[in-house]
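First the structure, in the form of structure tokens, and then the observations on it.
The values are calculated or read from the model by the stated rules, or taken from the named source; none is laboratory data. Just so it is clear, the structure is predicted and the values come from calculations on it, not from any experiment. Using ideal geometry, Cβ is built from the backbone for each residue, glycine included, and neighbour counts are taken over all protein chains shown. Areas reflect the complete protein model, heavy atoms only, side chains present, ligands, DNA and RNA absent. Shrake-Rupley method; radii C 1.70, N 1.55, O 1.52, S 1.80 Å.
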Amino acid sequence: MAEVKLTADVRTNFGKGAARQTRRENKVPAVVYGHGADPKHVAIDSHALMMALKTPNVLIRLELDGGSELVIPKAVQREAIRGFLVHVDFLAVKKGEKVTVEVPIVTEGELAAGGNLLEHVLNTLPIEAEATHLPESVTVSIAGLDSGASVLAKDVVLPAGSSLAVEDDAVVLQVVAAQAEAPAEEAGEGEAAAEA
């Protein structure tokens with residue numbers, strides 16, 4: 001995974017008023033945690049950060065105070081209606097360090113014929129991987145799966161260097177039969193009998 005470089009400014013003012021002022025300047029207030037150091041309060045250009053966060057578990061190199069620091073997003077807060085970024089928490093990482101992240105699950109293939117439905121029990125899969133080699137997603141084949149079939153966490157093929165951070169027997173996906181509605185004619189006959 002390629003790094004995304006972003007410039008961050010140190011924030012010295014805190015609280016709601018300071019955060020609102022930061023957002024009025026088209027920046028997002030953020031905090032960098034990790035490695036036992038004191039949290040660093042920063043502000044990052046909102047558009048650049050929004051574009052970077054389109055990639056799940058993106059590795060970001062924050063240019064800060066003449067130096068740089070590798071971080072990954074841990075918590076992203078968005079405004080409920082318009083969806084703009086309100087606040088981001090970052091985790092500081094180092095090359096070679098293992099971290100636990102949630103990776104989106106992507107399916108490929110078609111279910112067996114017969115009106116089967118796919119239920120995503122988990123939308124993301126918790127995995128442990130090296131911070132500088134985080135996968136964007138994991139792909140699961142559902143080709144030919146029929147009603148009653150399920151895919152367990154241990155069945156998901158993980159990228160090299162990654163391991164599960166969830167129980168092996170956790171259900172990730174399952175196939176269920178489509179529920180048929182009662183025909184309208186039968187309901188009409190029942191009502192006629194009740195009236196007679």
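In the structure shown, the pairs K5/K74; K40/K154; K5/K95; K5/K154; K16/K98; K40/K95 are assessed against 27 Å; a Cα-Cα span above that value is assigned to K40/K154; K5/K154; K16/K98. Can you give the % of DSSP beta bridges in the chain that are antiparallel, to the nearest 5? Taking every DSSP beta bridge with both residues in the chain, the antiparallel ones total about 75 percent.
Rounded to whole numbers, the Karplus 3J(HN,Hα) couplings from phi for region 59-73 are 8, 10, 9, 7, 7, 9, 6, x, x, 9, 9, 7, 9, 10, x Hz, using 6.51 cos²θ - 1.76 cosθ + 1.60 with θ = phi - 60°, and x at Gly and Pro.
Of the chymotrypsin sites (Phe, Trp or Tyr not before Pro) found in region 8-88, those that fall in a DSSP loop while having at most 16 other beta-carbon atoms within 10 Å are F14, F84. In the calculated pair-distance distribution of the chain, the portion above 28 angstrom amounts to 46 percent of the Cα-Cα pairs. Sorting 132-138, 119-125 by their mean Cβ neighbour count within 10 Å, with the most densely packed peptide first, gives 132-138, 119-125. Between V176, V93, V28, find the one with the highest GNM mean-square fluctuation for the chain; connect C-alpha pairs within less than 10 Å. Most flexible of the set in this elastic network: V176. When the Debye formula is applied to the Cα atoms of region 27-121, each taken as the same point scatterer, what base-10 log of I(q)/I(0) results at q = 0.17, 0.24 Å⁻¹? Cα-only, vacuum Debye calculation for region 27-121: -0.81, -1.35.
Selection among G17, Q77, G34 by position relative to the dipole of the chain gives G17 as farthest towards the positive end (Cβ unit charges, Cα centre).
Remark on R11: its backbone amide H falls under 5 Å from those of H41, V42, A43, a criterion applied only to residues 5 or more positions apart or on other chains, H modelled at 1.01 Å from N. Which percent of the accessible area of the chain is formed by carbon and sulfur heavy atoms (probe 1.4 angstrom)? On the chain, the fraction of accessible area on carbon and sulfur atoms equals 50 percent. Close amide H pairs (under 5 Å, H built 1.01 Å from N) link V151 with V172, L173, Q174, residues at least 5 positions away or on another chain. A probe of 1.4 angstrom, applied to the heavy atoms of all protein chains, finds K95 with accessible area near 140 square angstrom. Ordered by solvent-accessible area of protein heavy atoms (1.4 Å probe), largest first, the residues E102, E167 come out as E167, E102. Computed over region 117-175, the quotient of the alpha carbon radius of gyration and 2.2 N^0.38 Å is 1.16.
Calculated mean residue ellipticity, 222 nm, the chain: -4000 deg cm²/dmol, from DSSP H runs (n ≥ 4) at -39500 (n - 2.57) each, averaged per residue and rounded to 500. Helix 184-195 and the longest principal axis of the C-alpha atoms of the chain enclose an angle of approximately 60°.
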